[in-house]
Amino acid sequence: MDGDEINSGDVYADVIFLKVMKDDAEPIRRNLIENGFLRFDTTILTESDTVSFPVIKGISEEQLNFIQYPSATPVSISVKRVPLRPKKITNFRDMIDIPEEYHKFLPSSWDVVGEIILVKLSDEILPFKRKVAGALIDTHRSIRSVYRVIKVSGNCRVRELEHIGGVENTETTAREFGVIMELDVTKVYYSPRLATERWRIAQQVEEGERILDMFAGIGPFSLVISRHARPATIQSIDINPEAIRYLERNIKLNRIENMKFHQGDAALISKKLSYKYKFDRIIMNLPHSSVDFLPGALACSKRNSTIHLYLIDEIDRIDDIVKDCISKAWALGYSIIEKGRVNVRSYSPVQTNVCIDISVDGIS
Ligand SMILES: C[S@@+](CC[C@H](N)C(=O)[O-])C[C@H]1O[C@@H](n2cnc3c(N)ncnc32)[C@H](O)[C@@H]1O
């Protein structure tokens, strides 16, 4: 490694550090990781108000600007000579002892939920599932359990899992942008892959907004918003009693005071709420069937409300689905327009997960 030196057993190197204000640190850390810019072989440095992230060599100023969120204060960049951690094998493909011809069937991604890894495996690699689990544990410092995802099913979108390595424990604590959330991965739906999306929504919330989270699960959207913005109130609905049990616990754990929760069908509860309240922002994160719940969301809206409608469908069908929503809303007396569209993640080779940001333009 260029410029590294060995000194009485320690390896030192000149490392580029990106200094940011502590309040901006979490989204920037995530962004650095997502873009592959963060160095893991040395320590993140913290001072009273700032955090300095070690970043890879060769990163351009343009790339660093790209990782900053609009709200982030300007960063400073400096080079410091620091000790490096001894090299560890970090790629689980290098650890795993299986015949070479099976390497092409190894998973290329998995979900880290607290101390648990959830991974989908192809049929070809199933005979080696315990080896896969062992290698994942060996290469992820904080992981204690690995479960194979068999399928996600039912209304509650709960995963059917098989324990394939580490300790058998399905309860864990996930962390997102300074929020902690307890959950049992066999009883509720939670995906860490939406963390950046939840942050995007939280960034849009203005002081005093009334928010409705129609499919809240254990509460990640509601909690991140409540923690990082200043809404007047958030009402969260979920049909799964277990999700509501964890949501209640997570509200207490994070000492949130402006959230209310309701267990039941969002179609019915939103209608009931609409007699009493109108909301500035409505989150509809049930991507396979959110469109069916549009009447309830519209009933809870007022002029200029924003609806975040999540969809999973074939890329080519999204435009038609949006057009259909606009005409259904029109028939109910609401004029809605698409304000923006964000690709949340690719879901399968042909399907995508998008968020349509809708504005309620008028109500007749
Ligand atoms: C895709 S998950 C999203 C959970 C959460 N928003 C998140 O980001 O992790 C959808 C949630 O909707 C809930 N759900 C499904 N049908 C529902 C309905 N008719 N009314 C209320 N909640 C429902 C499920 O229990 C599940 O927790």
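In region 232-241, the qualifying residues are those that are more than 11 Å from the ligand (Cβ to nearest atom) and without any contact (Cβ under 8 Å) to a residue 40 or more places away in the chain, and the one that is surrounded by the most Cβ atoms within 10 Å (Cβ to Cβ) is Ile234. Within the span defined as region 151-162, one or more residues are without any contact (Cβ under 8 Å) to a residue 24 or more places away in the chain, part of a loop (DSSP other than H, G, I, E, B) and not assigned by TED's automatic domain parsing to the domain that holds Asn250.
Take the residues in region 76-121 that are of a type in the set (Lys, Arg) and either at pLDDT below 90 or touching a Pro at 6+ places or on another chain (Cβ under 9 Å) (or both); name whichever of them is nearest to Val188 (Cα to Cα). Looking at the filtered set, the residue picked out is Lys120. Hey, among Leu298, Leu286, Leu311, which residue is buried (at least 22 other Cβ atoms within 10 Å of the Cβ) and closer than 20 Å to Glu209 by Cα? Sole residue among the options that is buried (at least 22 other Cβ atoms within 10 Å of the Cβ) and closer than 20 Å to Glu209 by Cα: Leu298. Residue check: is Arg141 within 16 Å of the ligand (Cβ to nearest atom) and charged (D, E, K, R)? When the stated conditions are applied, Arg141 does not pass them. Consider region 260-283 and keep the residues that are under 11 Å from Ser301 (Cβ atoms) and touching a helix residue (DSSP H, G or I) at 6+ places or on another chain (Cβ under 6 Å). The one that is nearest to the ligand (Cβ to nearest atom) is Ser270.
If you go through region 24-43 and keep only what is exposed (fewer than 15 other Cβ atoms within 10 Å of the Cβ) and either modelled with pLDDT of 65 or more or assigned by TED's automatic domain parsing to the domain that holds Trp110 (or both), you end up with Ile33, Phe40, Thr43. Checked against the criterion of being of a type in the set (A, V, I, L, M), crowded, with 16+ Cβ neighbours inside 10 Å, in contact with a strand residue (DSSP E or B) (Cβ under 8 Å, 6 or more places away or on another chain) and more than 23 Å from Val158 (Cβ to Cβ), the candidates Ile251, Ile218, Ile211, Ile244 yield just one match: Ile211.
Here region 148-159 is the region considered, the condition is being among the β-branched types (Val, Ile, Thr) and over 15 Å from His288 (Cβ atoms), and the residue that is surrounded by the fewest Cβ atoms within 10 Å (Cβ to Cβ) is Ile150. Exactly one residue out of Asp324, Asp316 is away from the ligand (no atom under 16 Å from the Cβ), surrounded by fewer than 17 Cβ atoms within 10 Å (Cβ to Cβ) and at pLDDT below 95: that is Asp316.
Glu197: charged (D, E, K, R) and crowded, with 18+ Cβ neighbours inside 10 Å, yes or no? Answer is yes for this residue.
If a residue must be out of contact with any Ser or Thr (no Cβ under 9 Å at 6 or more places or on another chain), within 30 Å of Asn240 (Cα to Cα) and buried (at least 16 other Cβ atoms within 10 Å of the Cβ), how many such residues does region 123-147 contain? So the answer is 2. If you check Phe128, Phe221 for being away from the ligand (no atom under 13 Å from the Cβ) and assigned to a helix (DSSP H, G or I), only one passes: Phe128.
Report yes if some residue within region 200-217 is within 19 Å of Ala133 (Cβ to Cβ), charged (D, E, K, R) and more than 8 Å from the ligand (Cβ to nearest atom); otherwise report no. Scanning region 200-217, I find no residue that is within 19 Å of Ala133 (Cβ to Cβ), charged (D, E, K, R) and more than 8 Å from the ligand (Cβ to nearest atom), so the answer is no.
When the residues of region 160-188 are filtered to those that are closer than 19 Å to Asn254 by Cβ and within 11 Å of the ligand (Cβ to nearest atom), the one that is surrounded by the most Cβ atoms within 10 Å (Cβ to Cβ) is Leu183.
Answer with yes or no whether Gly208 is in the same structural domain as Ser274 (by TED's automatic domain parsing), out of contact with any Ser or Thr (no Cβ under 8 Å at 6 or more places or on another chain) and not aliphatic (A, V, I, L, M). So Gly208 fits the description; yes. Scanning region 327-340 for residues that are surrounded by 14 or more Cβ atoms within 10 Å (Cβ to Cβ) and touching a strand residue (DSSP E or B) at 6+ places or on another chain (Cβ under 8 Å) turns up Ala329, Tyr334, Ser335, Ile336, Glu338.
The values are calculated or read from the model by the stated rules, or taken from the named source; none is laboratory data. A quick note: this is a predicted structure, and the numbers were derived from the prediction, not measured. Note that we place each Cβ from the backbone using ideal geometry, even for glycine, and neighbour counts take in every protein chain shown.
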